[in-house]
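The values are calculated or read from the model by the stated rules, or taken from the named source; none is laboratory data. Predicted, not measured: the structure shown is a model, and the values here were computed from it. Every residue, glycine as well, gets a Cβ built from its backbone with ideal geometry; the counts of neighbours run over all protein chains shown. Heads up: the accessible areas ignore ligands, DNA and RNA and are worked out on the full protein's heavy atoms, side chains in. Shrake-Rupley method; radii C 1.70, N 1.55, O 1.52, S 1.80 Å.
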Amino acid sequence: MSAGLPRKKDTIEIVRRGLKKRHAAARRFKFTGVAAVGMSLFFLSLLFVSIFSKGYSAFRQTYVHLDVSIDPEILGVGAHPDMNALANGDYGGLRKAALRTMFPEVKKRREKRALYQLVSSGADYQLRDAVMADPALIGTTLSLWVPADDDVDMLIKGHIRRELPEDDRRLKDYQIAWIDRLVAAGRIENRFNTILFTAGDSRDPEQAGILGALVGSLFTMLVTLSLSFPIGIAAAIYLEEFAPRNRWSDFIEVNINNLAAVPSIVFGLLGLVIFLTYFDLPRSAPLVGGLVLTLMTLPTIIIASRAALASVPPSIREAALGIGASPMQTLLFHVLPLALPGVLTGTIIGMARALGETAPLLMIGMVAFIVDIPTGIFDPSTVLPVQIYLWADSPERGFVERTSAAIMVLLIFLIVMNALAVILRKSFERRW
Amino acid sequence: MMSLDSLLPETGSIDNKTDHKTVAPSFKTVGEFKLKDPRISCQNIVVRYGEKLAINGLSLDIGRNEVLAMIGPSGCGKSTFLRCINRMNDTIEGCRVTGKIMMDGQDINSPEIDTVPLRAQVGMVFQKPNPFPKSIRENVAFGPKIHGFVETKAELEEIVENSLKRAGLWKEVKDRLDQPGTSLSGGQQQRLCIARTIAVNPEVILMDEPCSALDPIATAIIEELIYELKKDYTICIVTHSMQQASRVSQRTAYFHLGELIEVGDTKQIFMNPKNRLTEDYITGRFG
Ligand SMILES: Nc1ncnc2c1ncn2[C@@H]1O[C@H](COP(=O)(O)OP(=O)(O)OP(=O)(O)O)[C@@H](O)[C@H]1O
Ligand SMILES: [Mg+2]
């Protein structure tokens, strides 16, 4: 019997004495964990509540019902105009005339201008599209809902307060009186804001949409994913499975770890010099954005993939090699499938970071004001986080709610992307 | 009880001998380690894990169609030696093997040898069962598939069934071939690994304690399999069970601290060991 051990009947006593302390430690640890989770949930819900409460009104927009008589004279076209003439017609004139017919008593020039301001100039494009789609409309009266100006929208949504002195408001008293008359006549309505989801950026809040940035983000992410995923996996496989361990591989490993910590703006500068100046690729294009973000995401994917590969039990490799599988077959049939969940996790983290990245994209010109919706990876475009930055920086009141709406769209994009990756990962997950 | 190290003459602890490239065996093997027409002939094998010497100048021939049993205390280098024969030690970082391993007139320890055909020729059953985390069928079918043994699905099914039958597992798994191999019990997993090895139809089979996780019935099946395989194959089996060694093998080798102490006819080793260490181990005074 060893001398150090207590006598048998004492041992249980000693165990009992320490029991309380041990359980208390476990309870303390559990409590700390719950508190930490609770705290993060609290802040997360705070974030969501604040974004949602600011942004939900952006999903609705005030529309005005106009009866526009499509007078070829005002439009400046003949009886049988060609498409070119139709495209260049004076649709603003039609809109103004329609407003004048609604408020015939407005005569002064200044007041007329104030009257025209009630309706968004976006209505002109709506009219043009309608007439060009059906030239037979010329000479008739077209009745349609057009977006109101953002100031009207703000008044209807209660963001412009009537109690303020007239000089402090963006709407004059007589303008408010007209709006009240329109409301009374049922000619003003709050409808779902389709423009937000179908248009590109604009200087006018009521015409600004998120689609351009969304498509830009999508293209950028596609470029990033299709480059960084294969390159990252290939690099990780080579370094982990095939590369000899020597000073060079240590050097490469240290540098990859360093790259993962380099501030993203540095990658932006690198992209500016290499892709734009040296290779002369198009400015503001998702292609260049994707390339820059690939550089930024690669270290994350490589590090995560290497860790995933290293965690595959060596016994699996031995089993495959032991029956004569080549290193490549061992890798493809056994190691990679087991490492894939980890690889995908790394990719999700990398892509999520890339999606929210702003700074490096500013460097390569994706911050430009772009109205058109990009149709390919060479078109100038912007991305969601940059759009948020641009809108948050705009003075118009209407952009405040649109900023929050854009954040919501970004979050939904992120959630969809992550959900897809999680589903993919689940289907690969196996026990061993 | 007397210290075992003192029984090893001359050099004492083998761990100190790290500075020389080839180490003369500190101990002369008792018995016939050379054969007239060996299937595999190992000459002066030295294995190091980093600086640690695991096998110290070992020479041993493995005969045709024989079952060679390897016994010895834990950590004496049985697995390490076994893994030299199909070059599995290549996969361990820092492990260096020197010496000659002649098979079919070639030194299979030379770096030019392609390990893919070698390992198809020299199969291995590992100490710990290591089925692939795939279905039972895929576990067995993987080898024949990658080597291109089969053309049709039916042929593959036949190999799978035959291999599982020979490993004594068919009855238990024939209705659940699509379940993961990892869902089997430990003993079943080991038999699955044996089936996987014989599905490749190797000429030499290295078995590292194949029965350590098996019950007596499954052990009997494996021993029967070994007996049957012996007709066509050469088998090296590491075992901790003296009874098993005496049941299945013709020759027995006793390892001790990285050295081959004694090798000879199984009957002779168990009845009439010549070396003190062998005798102590066999009679249970050690190990
Ligand atoms: N991967 C490794 N790295 C370092 N040392 C190792 C490694 N594998 C084995 N060794 C060492 O080599 C020596 C021989 O090990 P080996 O596995 O061959 O023993 P064994 O005879 O098979 O023992 P057991 O009967 O317990 O399986 C031991 O001292 C062990 O510590
Ligand atoms: Mg062993």
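Can you find a residue in segment A:335-357 that is over 23 Å from A:Ile302 (Cβ atoms) and either buried (at least 18 other Cβ atoms within 10 Å of the Cβ) or touching a strand residue (DSSP E or B) at 6+ places or on another chain (Cβ under 8 Å) (or both)? No: zero hits.
Which one is farthest from B:Arg119 (Cα to Cα) among residues in segment B:46-83 that are open to solvent by less than 10 Å² (accessible area, probe 1.4 Å), within 16 Å of ligand 2 (Cβ to nearest atom) and part of a strand (DSSP E or B)? The residue in question is B:Ile71.
Residues in segment A:75-87 that are surrounded by fewer than 18 Cβ atoms within 10 Å (Cβ to Cβ) and either at pLDDT 85 or above or closer than 15 Å to A:Thr141 by Cβ (or both): there are none.
Tell me, please, whether a residue that is under 19 Å from B:Gln121 (Cα atoms), part of a loop (DSSP other than H, G, I, E, B) and either within 14 Å of chain A (Cβ to nearest Cβ) or touching a His at 6+ places or on another chain (Cβ under 7 Å) (or both) can be found in segment B:158-165. No, because not a single residue in segment B:158-165 is under 19 Å from B:Gln121 (Cα atoms), part of a loop (DSSP other than H, G, I, E, B) and either within 14 Å of chain A (Cβ to nearest Cβ) or touching a His at 6+ places or on another chain (Cβ under 7 Å) (or both).
Just one of the numbered conditions (1) free of Cβ contacts under 8 Å to residues at least 60 places away in the same chain; (2) open to solvent by 70 Å² or more (accessible area, probe 1.4 Å); (3) of a type outside the set (A, V, I, L, M, F, W, C) is not true of A:Ser249: (2). Remark: pairs (first residue in segment B:196-212, within 21 Å of B:Glu158 (Cβ to Cβ); second residue within 16 Å of ligand 1 (Cβ to nearest atom); Cβ separation under 8 Å; 6+ apart in sequence or on different chains) = B:Thr197/A:Gly322; B:Thr197/B:Met124; B:Thr197/B:Val125; B:Ile205/B:Met124; B:Ile205/B:Val125; B:Ile205/B:Cys236. Only residues that are over 21 Å from B:Ala141 (Cα atoms) and within 11 Å of chain B (Cβ to nearest Cβ) were counted in segment A:315-346, giving 0. Against the definition (open to solvent by 50 Å² or more (accessible area, probe 1.4 Å) and touching a Gly at 6+ places or on another chain (Cβ under 9 Å)), how does A:Asp204 come out, yes or no? Against the criterion (open to solvent by 50 Å² or more (accessible area, probe 1.4 Å) and touching a Gly at 6+ places or on another chain (Cβ under 9 Å)), A:Asp204 qualifies. The C-beta contact set for segment B:117-133 (first residue open to solvent by less than 10 Å² (accessible area, probe 1.4 Å), second residue of a type in the set (Asp, Glu), distance under 9 angstrom, 6+ apart or interchain) comprises B:Val122/B:Glu203; B:Gly123/B:Glu203; B:Met124/A:Glu318; B:Met124/B:Asp208; B:Val125/B:Asp208; B:Val125/B:Glu209; B:Asn130/A:Glu318; B:Phe132/B:Glu138.
Residue pairs whose Cβ atoms lie under 9 Å apart, sitting 6 or more positions apart in sequence or on different chains, and linking a residue in segment A:46-67 that is more than 14 Å from A:Ile195 (Cα to Cα) to a partner that is assigned to a helix (DSSP H, G or I) and open to solvent by 60 Å² or more (accessible area, probe 1.4 Å), are A:Lys54/A:Val400; A:Gly55/A:Val400; A:Asp67/A:Thr101. Residues satisfying the criterion are absent from segment B:135-144 (criterion: in contact with a strand residue (DSSP E or B) (Cβ under 8 Å, 6 or more places away or on another chain), among the aliphatic types (A, V, I, L, M), within 12 Å of chain A (Cβ to nearest Cβ) and buried (at least 23 other Cβ atoms within 10 Å of the Cβ)). For segment B:190-236, which residues satisfy the criterion of being within 16 Å of ligand 1 (Cβ to nearest atom) and touching a Leu at 6+ places or on another chain (Cβ under 7 Å)? Those that are within 16 Å of ligand 1 (Cβ to nearest atom) and touching a Leu at 6+ places or on another chain (Cβ under 7 Å): B:Gln190, B:Leu206, B:Asp208, B:Cys236. Within the option set A:Ile195, A:Ile176, being hydrophobic (A, V, I, L, M, F, W, C), surrounded by 12 or more Cβ atoms within 10 Å (Cβ to Cβ) and within 17 Å of A:Ala58 (Cβ to Cβ) holds for one residue only, A:Ile195. Filtering segment B:64-116 to residues that are without any contact (Cβ under 8 Å) to a residue 12 or more places away in the chain and within 14 Å of chain A (Cβ to nearest Cβ) leaves B:Thr91, B:Glu93, B:Pro111, B:Asp114, B:Val116.
Of A:Leu270, A:Leu291, all but one fail to be open to solvent by 30 Å² or more (accessible area, probe 1.4 Å), away from chain B (no Cβ under 14 Å) and under 21 Å from the mean Cα position of the chain (by Cα); the exception is A:Leu291. Total residues in segment A:154-180 satisfying the condition of being in a helix (DSSP H, G or I) and touching a residue at least 60 places away in the same chain (Cβ under 8 Å): the figure is 6.
Of all residues in segment A:199-215, those that are part of a helix (DSSP H, G or I) and at pLDDT 90 or above total 5. Which of the residues that make up segment B:100-133 are assigned to a loop (DSSP other than H, G, I, E, B) and away from ligand 1 (no atom under 16 Å from the Cβ)? Result: B:Asp104, B:Gly105, B:Ile108, B:Asn109, B:Ser110, B:Pro111, B:Glu112, B:Ile113, B:Asp114, B:Pro131, B:Phe132, B:Pro133.
Within segment B:84-99, the set of residues being open to solvent by less than 10 Å² (accessible area, probe 1.4 Å) and either among the polar types (S, T, N, Q) or away from ligand 2 (no atom under 16 Å from the Cβ) (or both) comprises B:Asn86, B:Asn89. Out of the residues in segment B:226-259 that are part of a loop (DSSP other than H, G, I, E, B), open to solvent by 60 Å² or more (accessible area, probe 1.4 Å) and away from ligand 2 (no atom under 16 Å from the Cβ), which is nearest to B:Leu35 (Cα to Cα)? Of everything passing the filter in segment B:226-259, B:Gln250 is nearest to B:Leu35 (Cα to Cα).
Going by what's in this entry, would A:Val223 be described as within 30 Å of A:Ser394 (Cβ to Cβ) and at pLDDT 90 or above? Against the criterion (within 30 Å of A:Ser394 (Cβ to Cβ) and at pLDDT 90 or above), A:Val223 qualifies. A count restricted to segment B:178-208 and to residues that are of a type outside the set (Ser, Thr, Tyr), more than 13 Å from chain A (Cβ to nearest Cβ) and open to solvent by 20 Å² or more (accessible area, probe 1.4 Å) stands at 3. Only a single item in (1) open to solvent by less than 70 Å² (accessible area, probe 1.4 Å); (2) outside the structural domain of A:Thr297 (by TED's automatic domain parsing) is not met by A:Ala243, and it is number (2).
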